[in-house]
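The values are calculated or read from the model by the stated rules, or taken from the named source; none is laboratory data. No experiment lies behind these values; they were computed from the predicted model shown. Backbone-built Cβ (ideal geometry, glycine too); neighbour counts: all protein chains shown. Note: accessible area is taken over every heavy atom of the protein model, side chains too, but ligands, DNA and RNA are not part of it. Shrake-Rupley method; radii C 1.70, N 1.55, O 1.52, S 1.80 Å.
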Amino acid sequence: ARPCSRSRGGQRLPLQRMDELPGCDTPWVKGGPVGPADTLIISCWWLMREIETSALNLEEVTIDTRLKRAELRLSCSKNDCRAVGVGRTHGCLCDAGCTEASAIRYCLFHAVARHPERITRLFPDAGPDDPFFSNEHGERGTKAASQGTVETAAEFLNLPTCGPRGEAYLTGHVCRKIGAEAFTAAGIEVPVAQIFGRWGKTMILRYCQETVSYTHQTLP
C-alpha cells in the first residue's frame, strides 16, 4: 500500500514550464541543491528518486559536447542506491543552432552541461567522488531538502502543494512521476519508459494511467 500512496495527488509540476523557474545558483531551501532548477530538470528527465539525486557523484556523469549527449550512471533498483550499474543517456532537445534562452534553459542536455561548471565555480576543490547535486556547503542533500525544493518550485509556478486534507501532492518520488508522465505524453511505450526508469514493478502503470486519464479530461 505504501508505494501506491506516493505522489498520488492531482497536482502536476509540468516539465514544459521549468524554464519559468529562477535559474540561480542559490538553493531555494536550506540544505537544498545549488542550481535547483537544473537539478529538477535533470532529475525528472532521468526519472530519479530523491536518494539517487543525493547519491550521484561527479564521476558518474559523462557529457559529450560534440554529440550533445549526457549519460548518468544510476542504480539498478531502489534497494541498491549506490550500485551505479546502468547508464542512461539523453540528447539535446534544442533545435540546431538554437539560441533562444528559454529553450536552452529547459533543455536537459544544457541543464547537465551547466551543472559541473557551477560546481567547479562554487567548489573549486570538488573531486570525482563529491556529489553532483551538492548543497551550499558542497555536501549531499537530505530528503527534507529535496521535498522543500520541489514544493518551492510549485510555489514559483503558482501551483498548490497540498490537497484539501493537507496531504502532500509532491513527494520524494515526484520527479519519477513527472518524468514517466512526460515519457507517456510524448508517445514513448510503457515498457521502454519502465526500462529507462529502472522499474522492476508496476508502479509506472499507475503514473501512466493517471497521465492518460488527465489528458482525456483536459481535451477540448
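Total residues in segment 114-127 satisfying the condition of being open to solvent by 80 Å² or more (accessible area, probe 1.4 Å) and not in a helix (DSSP H, G or I): the figure is 2. Only one of the numbered conditions (1) outside any loop (DSSP other than H, G, I, E, B); (2) at pLDDT 95 or above; (3) within 15 Å of residue 148 (Cα to Cα) is violated by residue 54, and that is (2). Would you check if there is a residue in segment 172-188 being among the polar types (S, T, N, Q), open to solvent by 10 Å² or more (accessible area, probe 1.4 Å) and modelled with pLDDT of 80 or more? Yes, because at least one residue in segment 172-188 is among the polar types (S, T, N, Q), open to solvent by 10 Å² or more (accessible area, probe 1.4 Å) and modelled with pLDDT of 80 or more.
Scanning segment 140-171 for residues that are modelled with pLDDT of 85 or more, of a type in the set (Val, Ile, Thr) and open to solvent by 20 Å² or more (accessible area, probe 1.4 Å) yields 142, 152, 161. For residue 82, are the conditions met, namely being closer than 19 Å to residue 127 by Cα and either modelled with pLDDT under 90 or crowded, with 17+ Cβ neighbours inside 10 Å (or both)? In short, yes.
Is there a residue in segment 189-207 that is in a helix (DSSP H, G or I), at pLDDT 80 or above and of a type in the set (Asp, Glu)? Scanning segment 189-207 turns up no residue that is in a helix (DSSP H, G or I), at pLDDT 80 or above and of a type in the set (Asp, Glu).
Just one residue in the set 11, 16 is under 14 Å from the mean Cα position of the chain (by Cα) and either modelled with pLDDT under 95 or assigned to a loop (DSSP other than H, G, I, E, B) (or both); that residue is 16.
In segment 113-130, the residues that are more than 18 Å from residue 43 (Cα to Cα) reach residues that are open to solvent by 60 Å² or more (accessible area, probe 1.4 Å) and in a helix (DSSP H, G or I) with C-beta atoms within less than 9 angstrom, at least six apart or across chains, in these pairs: 126/120; 127/59; 128/59; 129/59.
Close Cβ contacts (under 9 Å, 6 or more residues apart or on different chains) running from residues in segment 47-62 that are within 26 Å of residue 190 (Cβ to Cβ) to residues that are open to solvent by 30 Å² or more (accessible area, probe 1.4 Å) and part of a strand (DSSP E or B) comprise 47/88; 56/73.
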